[in-house]
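Reading through the structure tokens given below for one structure.
The values are calculated or read from the model by the stated rules, or taken from the named source; none is laboratory data. A quick note: this is a predicted structure, and the numbers were derived from the prediction, not measured. Here Cβ is always computed from backbone atoms with ideal geometry, including for glycine, and neighbour counts include all displayed protein chains.
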Amino acid sequence: MALIRATLPVVEPGRTEIHLPHWDGIEQQHGFIHGGVVGMIADSAAGYAAMTLVPADASVLTVEYKMNLMAPAEGERLIARGEVVRAGRTLIVTRAEVLALRDGAERLCALMQQTIMVMHARPEKLDAPPAA
């Protein structure tokens, strides 16, 4: 998330939000935020939502997602809202909405549904390299 300047201001059981400011390093050729970045924050928001419901000694891994890009990702920032739809012992189904915030108004630009695999007895790797 540091690479793309995103933050995680909302973390609740089964729900998270990622906020991403619009900046030129993540734009595609028309000045919109690139679809790959939209997919990245949707996958991460929903994955983090799943992570809030697994045991401390487990981790999660995306095994599938389907995304609809519905409108250009343009505005001052994007908000990816991830939530758990169903949490099972091995598989967790999630969804995410990505909204573009422009002049105070939210516009839906992407919808995603995802399947997460719970990796029991395999905790997250927390020793990430330091941010620049």
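Looking for something assigned to a helix (DSSP H, G or I), within 21 Å of M67 (Cα to Cα) and more than 11 Å from the chain's Cα centre (by Cα) - is there at least one such residue anywhere in segment 4-11? Looking for residues that are assigned to a helix (DSSP H, G or I), within 21 Å of M67 (Cα to Cα) and more than 11 Å from the chain's Cα centre (by Cα), one finds at least one in segment 4-11, hence yes. Pull up segment 26-36, narrow it to residues that are touching a residue at least 40 places away in the same chain (Cβ under 8 Å) and surrounded by 19 or more Cβ atoms within 10 Å (Cβ to Cβ), then point me to the one that is farthest from V98 (Cα to Cα). So the residue we want is F32.
Only one residue in V118, V60, V37 is touching a Ser or Thr at 6+ places or on another chain (Cβ under 6 Å), over 16 Å from V10 (Cα atoms) and modelled with pLDDT of 95 or more, so which one is that? Talk me through it step by step, then tell me what you get.
Details: V60 fails: touching a Ser or Thr at 6+ places or on another chain (Cβ under 6 Å); V37 fails: touching a Ser or Thr at 6+ places or on another chain (Cβ under 6 Å).
Among V118, V60, V37, only V118 is touching a Ser or Thr at 6+ places or on another chain (Cβ under 6 Å), over 16 Å from V10 (Cα atoms) and modelled with pLDDT of 95 or more.
Out of the residues in segment 41-78 that are of a type in the set (A, V, I, L, M) and in contact with a helix residue (DSSP H, G or I) (Cβ under 7 Å, 6 or more places away or on another chain), which is farthest from E97 (Cα to Cα)? Among those that are of a type in the set (A, V, I, L, M) and in contact with a helix residue (DSSP H, G or I) (Cβ under 7 Å, 6 or more places away or on another chain), it is V60. Against the numbered list (1) aromatic (F, W, Y); (2) within 14 Å of the chain's Cα centre (by Cα); (3) surrounded by fewer than 20 Cβ atoms within 10 Å (Cβ to Cβ), W23 comes up short only at (2).
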